[in-house]
Amino acid sequence: MMSVQVSEKTFERLQRIAVPLVDSFDTVIGRLLDEYEGSEQESSAGADLLVVKRGSATQAEFSADAPPNLKHSKLLSAEIGGKVIDEMNWNGLLRAALTHAHKAAKSREEFRRMIAVNFTFGRKEDDGFKFLPALGISVQGQDSIDAWKGALHVARQLQVSLTVTFVWRNKEGAFRPGETGELKFHP
């Protein structure tokens, strides 16, 4: 390992894109490099990629901790704690995880510690926040990778399984257009 010094400003910028208790400096910088390089290569933990043949289809299984670039991907199926989610999109996955956390938390403070995305108690509907009346919180919308990491953080806190299957759309900038992938966390 190498030591690198960064300015306080750069450190603050890295903190804004890191998921607490999930990311390290290495994973944040690796994700930034993946994005910079156009995601032509595997993520920093590309060795954790497993390609599985299911009938005539090929599906890539990725490490939960080192997901690939999920830009232009669409959820096909998702479950947390053995329960299939209703809202089949990345922010729907995050909201399902938050609901799981809300049910399990014994206090407001415990609930706060389970969440690794921007949120506030009460109603807030500007700056990309969406109010979730059943939970009494407003959550800022996330891109696909941050929604995954936010849901993974909750699953880790609760020690419940989390599995998603997704497909990259056939769009310029998609990591593997037309291919499917899977991310799994099992405590």
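Taken together, the values in this text are just the output of simple stated rules run on the coordinates, not laboratory data. This is a predicted model, so every value here is computed, not measured. In this analysis, Cβ positions are derived from the backbone assuming ideal geometry, glycine residues included, and neighbour counts consider all displayed protein chains.
What order, most packed first, do the peptides 111-119, 150-158 have when packing is the mean number of other Cβ atoms within 10 Å of each residue? Could the numbers behind the result be given before it?
On the way: 111-119: 18.4, 150-158: 23.3.
Packing proxy ranking, top to bottom: 150-158, 111-119.
Give the order of 149, 171, 9 when sorted by the count of other beta carbons within 10 angstrom, beginning with the fewest. The partial results should precede the final answer.
Details: 149 23, 171 11, 9 8.
The order, fewest Cβ neighbours first, is 9, 171, 149.
Between residue 121 and residue 71, what FRET efficiency comes out of the Förster formula 1/(1 + (r/R0)^6) with R0 = 25 Å and r the beta carbon distance, rounded to 0.05? Mind showing how you got there, number by number?
On the way: r = 31 Å, r/R0 = 1.23.
Computed FRET efficiency for residue 71 and residue 121: 0.25.
Among the listed pairs 83/130; 71/171; 106/184; 74/171; 83/124, which are separated by more than 18 Å between their Cα atoms?
Details: 83/130 23 Å; 71/171 10 Å; 106/184 27 Å; 74/171 12 Å; 83/124 28 Å.
Table pairs above 18 Å Cα-Cα are 83/130; 106/184; 83/124.
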